[in-house]
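J.: Quick one: structure below, then a few questions.
The values are calculated or read from the model by the stated rules, or taken from the named source; none is laboratory data. Note that this is a predicted model, so its numbers are computed, not measured. Neighbour counts run over all protein chains shown; Cβ positions are idealised from the backbone, glycine included. In case anyone asks, the SASA skips ligands and DNA or RNA and just uses the protein heavy atoms, side chains included. Shrake-Rupley method; radii C 1.70, N 1.55, O 1.52, S 1.80 Å.
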Amino acid sequence: MHCTRIVAPDIRYVGSSDRRLALFESAFPIPRGVSYNSYLVMDEKTVLLDTVDRSVSQVFFENLEYVLAGRPLDYLIVNHMEPDHAATIADLRLRHPETVIVATQKALDMIGQFFTAETAAPFRAVKEGDILETGKHVFTFVTAPMVHWPEVMVTFDKTAGVLFSADAFGTFGALSGNIFADEVNFERDWLDDARRYYTNIVGKYGVQVQNLLKKASGLDISMICPLHGPIWRENISWFIGKYATWSSYAPEDKAVMIAYASVYGDTENAANILATELAERNVRNIAMYDVSVTHPSVIVSEAFRCSHLVFAATTYNMGIFVNMETALADIKAHNLQNRTVAVIENGSWAPASGRLMREIFASMKNMTVLEEGASIRSSVKDSDLSGIKALADALAADLN
Ligand code: FEO
């Protein structure tokens with residue numbers, strides 16, 4: 001049995017998808033599943049570009065052997081050593097002792113760490129700009145450290161104009177036969193997951209992503225083959241544009257996100273009042289989340305998308321309510337910059353969450369913290385409304 005598709009002349013998709021995994025990297029919910037992409041180039045020499053996660057290894061090996069049809073596997077190019085792509089290298093070595101592994105020296109070291117030094121042999125270490133000729137195809141290697149690990153490189157097939165981009169340009173979401181972005185409604189069905197994947201997996205490394213985009217702009221790319229999600233052969237510049245926005249920490253949309261943490265509904269009430277006041281001021285597409293219900297990875301992703309962020313939190317154990325504290329720590333850890341933020345605090349005897357949230361924003365780059373907001377004692381009173389309305393005025397003035 002096999003499930004492979006032709007990507008381009010000589011290039012076959014031999015990866016697969018997992019719809020059972022609940023948490024990617026044991027951290028991120030993936031209700032739409034995830035794909036682990038692998039590509040096989042059938043040239044005078046045969047070349048496999050990355051393997052797959054252990055969960056889909058059976059179908060991967062069936063695909064691989066079907067396309068190889070008894071030929072040896074001459075090369076395995078390892079662009080990224082994270083186990084979601086590299087877990088099956090040792091199994092591959094058992095099946096194909098003839099295969100030369102091609103990767104950066106750092107990746108070689110990691111093969112030794114994850115497996116044994118013997119697993120890596122035979123091995124060819126490559127550097128930026130090195131060339132591998134396999135007959136018709138000429139591959140060159142571009143290092144991409146910290147997109148998303150230090151050993152990462154991407155591989156450009158100069159013959160076919162195909163960039164094998166490792167984690168870059170990947171997304172959460174299982175592939176359902178349609179392996180090309182132009183075969184699905186990407187903007188409607190995939191973009192939110194692509195943003196959540198980018199921001200949570202490599203969002204911290206914007207500078208390194210910008211460096212890769214700079215290098216990629218010098219290549220004549222007709223197709224991008226990432227290790228997760230659909231392949232790009234149309235409208236490539238649109239998706240590269242998204243990466244340029246996300247990696248420069250520029251807001252994608254002029255929009256407000258209100259994230260709140262509320263134990264008994266009173267802080268939520270303040271958030272609802274603010275949202276209503278904003279709507280009355282013609283602010284559209286307000287995004288509002290209860291951080292105790294919505295996973296932090298969504299809050300991080302939405303914070304990258306929206307230009308204006310309001311955080312409303314109760315005070316808890318003299319600190320910020322725990323789920324809000326987690327969300328804010330996550331946003332800070334992913335290096336978010338260049339946003340306008342505001343806070344609403346609540347506290348029944350010693351409100352402190354507002355000051356503590358402001359301290360977090362002060363430690364981040366280029367965050368404009370609005371003075372307007374409210375400090376609520378237990379429940380919203382008429383006397384709190386002026387602060388909430390003033391905040392709505394300030395946000396609406398900025399947005400409209
Ligand atoms: Fe998809 Fe960094 O691994």
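J.: For ILE376, list long-range residues whose amide hydrogen, built 1.01 Å from N in the peptide plane, is under 5 Å from its own amide hydrogen.
T.: Result for ILE376 returns GLU345, ASN346, GLY347.
J.: Once phi is turned into ³J(HN,Hα) by the Karplus curve 6.51 cos²θ - 1.76 cosθ + 1.60 with θ = phi - 60°, what whole-Hz value does each residue of the range 228-244 show in order, with x for glycine and proline?
T.: Coupling constants for the range 228-244: 9, x, x, 8, 9, 10, 10, 6, 4, 5, 4, 6, 4, x, 4, 5, 5 Hz.
J.: Bins of 10 Å, beginning at zero and ending with the bin holding the largest distance: percent of Cα pairs per bin for the chain, please.
T.: Computed distribution, short to long bins: 5, 22, 28, 19, 13, 9, 3, 0.
J.: In nm, to one decimal, how far is the THR294 label point from the THR276 one, both placed 7 Å along Cα→Cβ?
T.: Result: 2.0 nm between the two label points.
J.: Taking a temperature of 37 °C and a viscosity of 0.692 mPa s, what whole-number D in µm²/s does Stokes-Einstein yield for the range 98-144 with Rh from Kirkwood over alpha carbon pairs?
T.: 287
J.: Relative contact order (percent) for the chain, with alpha-carbon contacts under 8 angstrom and 6 or more residues of separation?
T.: Worked out over the chain, it gives 11 percent.
J.: ASN366 to LYS214: extension gain in nm, 0.36 nm per residue of separation minus the Cα-Cα distance?
T.: Between ASN366 and LYS214, full extension yields 52.4 nm more.
J.: I've got another one for you. Between the range 352-380 and the range 268-314, how many Å separate their Cα centres?
T.: So the separation of the two Cα centres works out to 14 Å.
J.: Can you compute 3J(HN,Hα) from phi for each residue in the range 377-394, using the Karplus curve 6.51 cos²θ - 1.76 cosθ + 1.60 with θ = phi - 60°, rounded to whole Hz and x for Gly and Pro?
T.: Calculated HN-Hα couplings, in order: 9, 6, 9, 5, 10, 3, 5, 7, 5, 4, x, 5, 5, 5, 5, 4, 4, 5 Hz.
J.: Quick query: amide H of ALA255 versus all other amide H atoms, modeled in the peptide plane; which residues come in under 5 Å with a sequence gap of 5 or more or a different chain?
T.: Residues meeting the criterion, in which the H sits 1.01 Å from N, are SER307, HIS308.
J.: If you roll a 1.4 Å probe over the heavy atoms of the protein chains, what accessible area per residue do you get for the range 145-274, in Å²?
T.: 34
J.: Restricting to the range 255-373, compute how many DSSP beta bridges are antiparallel as a %, nearest 5.
T.: Antiparallel: roughly 10 percent of the beta bridges in the range 255-373.
J.: If you don't mind, there's one more thing I want to ask. At a 1.4 Å probe radius, which order do ILE77, ILE360 fall into by accessible area, largest first?
T.: ILE360, ILE77
J.: Rg to Rh ratio, the range 226-359, alpha-carbon atoms and Kirkwood radius?
T.: Value, to two decimals: 1.04.
J.: With θ taken as phi - 60° and the coefficients 6.51, -1.76 and 1.60, list the Karplus ³J(HN,Hα) couplings across the range 151-168 in order, rounded to whole Hz; mark glycine and proline as x.
T.: For the range 151-168, the Karplus curve yields 8, 5, 9, 10, 10, 10, 7, 5, 5, 9, x, 9, 9, 8, 9, 6, 5, 4 Hz.
J.: Now for a separate question. Pop the C-beta distance of GLU234 and SER176 into the FRET formula with R0 = 22 Å and round what comes out to the nearest 0.05.
T.: 0.75
J.: Gap in Å between the Cα centre of the range 144-188 and the Cα centre of the range 44-100?
T.: For the range 44-100 versus the range 144-188, the Cα centre distance is 18 Å.
J.: Once neighbouring chains are kept in place and the probe is 1.4 Å, which whole percent of the accessible area of the range 216-333 is contributed by carbon and sulfur?
T.: Ligands and nucleic acids excluded, carbon and sulfur reach 47 percent.
J.: Between helix 353-362 and the chain, what is the angle of the helix's C-alpha long axis to the longest principal axis, kept within 0 to 90° and rounded to the nearest 10?
T.: Orientation of helix 353-362: about 50 degrees from the principal axis.
J.: Would you work out what percent of the accessible area of the range 1-135, with all protein chains in place, is carbon or sulfur (probe 1.4 Å)?
T.: It is 55 percent, rounded to a whole number.
J.: Take the Cα pairs of the range 1-84, get the Kirkwood Rh, then feed it into Stokes-Einstein at 4 °C and 1.567 mPa s and tell me D in µm²/s.
T.: 97
J.: If ASP182, ASP18 are ordered by their accessible area, calculated over protein heavy atoms with a 1.4 Å probe, which sequence runs from highest to lowest?
T.: Sorted descending by solvent-accessible area, the residues read ASP182, ASP18.
J.: Give me the accessible area of GLU118, 1.4 Å probe, in Å² rounded to the nearest 10.
T.: That residue has around 130 Å² of solvent-accessible surface.
J.: In degrees between 0 and 90, to the nearest 10, how far off the longest principal axis of the chain does helix 57-68 point, with axes built from Cα atoms?
T.: Once rounded, the angle reads 40 degrees.
J.: Which value at 222 nm does the chain reach when only helices count, each DSSP H run of 4 or more adding -39,500 (n - 2.57), with the total divided by all residues and rounded to the nearest 500 deg cm²/dmol?
T.: Helix contribution divided over all residues of the chain: -10000 deg cm²/dmol.
J.: Translational D (Stokes-Einstein, µm²/s) of the range 327-380 at 4 °C and 1.567 mPa s when Rh comes from the Kirkwood sum over C-alpha pairs?
T.: 109
J.: Could you list the trypsin sites (Lys or Arg not before Pro) in the range 210-301 that lie in coil according to DSSP, counting only those with at most 15 other Cβ atoms within 10 Å of their Cβ?
T.: ARG281, ARG284
J.: Return one whole number: the accessible area per residue of the range 77-142 in Å², for a 1.4 Å probe.
T.: 42
J.: Contour minus end-to-end for SER26 and ASN317, with contour as 0.36 nm per residue of separation and end-to-end as the Cα-Cα distance?
T.: 101.9 nm is the gain from fully extending SER26 to ASN317.
J.: Sorted by average packing, counted as other Cβ atoms within 10 angstrom per residue and highest first, what order do 135-141, 346-352, 299-305 take?
T.: The most tightly packed comes first, giving 299-305, 135-141, 346-352.
J.: For ASP189, ASP53, what's the largest-to-smallest order of accessible area, 1.4 Å probe?
T.: Result of the area sort, largest leading: ASP189, ASP53.
J.: Another question, if that's okay. What number, in nm² with one decimal, is the all-direction average of the projected area of the convex hull of the alpha-carbon atoms of the range 21-163?
T.: The number I arrive at for the range 21-163 is 8.5 nm².
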